[in-house]
1. Rg/Rh for the protein assembly as shown to two decimals, with Rh computed the Kirkwood way over all alpha-carbon pairs.
2. Starting from the Kirkwood Rh over alpha-carbon pairs, what translational D in µm² s⁻¹ does the range A:74-159 have by Stokes-Einstein at 10 °C and 1.306 mPa s?
3. Per the Kirkwood treatment, what hydrodynamic radius in Å, one decimal, follows for the range B:1-89 from the mean inverse distance over all distinct Cα pairs?
4. In the Gaussian network model of chain A, springs joining C-alpha atoms below 10 Å, which of A:Gln153, A:Gln138, A:Gln103 carries the largest mean-square fluctuation?
5. Would you compute, from DSSP H runs of 4+ residues alone, the mean residue ellipticity of chain B at 222 nm, taking -39500 (n - 2.57) per run and dividing by the full residue count, rounded to the nearest 500?
6. Give me the net charge of A:Ala123's neighbourhood, meaning all other residues with Cβ under 12 Å from the Cβ of A:Ala123; Lys, Arg count +1, Asp, Glu -1.
7. Fewest first, what order do B:Cys35, A:Cys97 take by the number of other Cβ atoms within 10 Å?
8. Suppose R0 equals 41 Å; then what is the FRET efficiency for B:Ala45 and A:Glu149 from their Cβ-Cβ distance, rounded to the nearest 0.05?
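What follows draws every value from the coordinates through simple rules; no lab data is involved. Keep in mind the model is a prediction, meaning the values are calculated, not measured. All Cβ positions, even for glycine, are placed from backbone atoms using ideal geometry, and neighbour counts span all protein chains on display.
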Amino acid sequence: MNPVVLVHGGASSEIPQDLEERLRQGVVRAATAGYKVLKEGGRALDAVEAAVTILEDDPEFNAGHGAVLNAEGTVEMDASIMDGRDLSSGAVCAARCIANPIQLARLVMEKTPHCLLTSHGAAKFACAMGVPVIPGEQLITERNRQDLEKEKQKTDAETPSPQKNQG
Amino acid sequence: TVGAVALDSNGDVAYATSTGGLMNKMVGRVGDSPCVGSGGYADSAMGAVSSTGHGESILKVNLARLILFHVQQGKAVGEAADTALGYMKSKVKGEGGVIVVSNAGDWAAKWTTESMPWAAAQDGKVHFGLHRDE
């Protein structure tokens, strides 16, 4: 079988022009890393984890370092991973203070009988697995802080509803 | 949101999806990314998908599994992705994007938003793009 890896950096309605080239470089870097895993005989599961880890570490993308902020100005991250060999899967949601949620999702898949751990439980599990806890601030970029402020001002001006644009 | 799908030399597929969600989201809000079948799906009998876009819409149509359903029905991966994204747009007015690989090594990157950065590596070459005309 001829191995292949694809990555994406998120569907978007508007991308600032000065960001475009960095996004292209980021996805190429991630695809190249995933492909290297495959060419060295690695499994598809290892390739997707490697590729997504690189994108999580890249502050230009909305995941890991560079994740957008919630209404309280903090980062809550979600991730999932699945192995097509046997449909085993793992996921975390509302994860805080870890650099790579995708690696924690893989640990959920491999070290527990569960599919999804959330918030406090995910944090306890990460701790038990020896996943380093990092300050939440470390995941936040100045651009995301400014974007949240702009969004909040827009929300206040357009409607008094606190639910606007909150998903 | 970021994601990856892969097919290895054994013919097995996998997906991974990770996100910070929506900016200014309600605390505790969870979208499609951690939900198997919506934020992604992988079955070596068919292929693998990773999704991005409006999470609530993706959840409502089970986007990743819906695409692989169309693949199971005999559609090419690009057509399957377009069909499912079109359904999501018409049914729940949701926009998004996906990357898909079949267990035969066919692949597609499709989106209904304005843009989506993507890259694919196969046969020692890397293809990439961001806008629809790339």
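1. That ratio is 0.95, to two decimals.
2. 112 µm²/s
3. Computed over Cα pairs of the range B:1-89, the Kirkwood hydrodynamic radius comes out at 13.2 Å.
4. Per the Cα network of chain A with a 10 Å cutoff, A:Gln153 tops the list.
5. About -7500 deg cm²/dmol.
6. Working: positive: A:Arg96, A:Lys124; negative: A:Glu76.
Neighbour charge sum, excluding A:Ala123 itself: +1.
7. A:Cys97, B:Cys35
8. With a Förster radius of 41 Å, E is 0.30.
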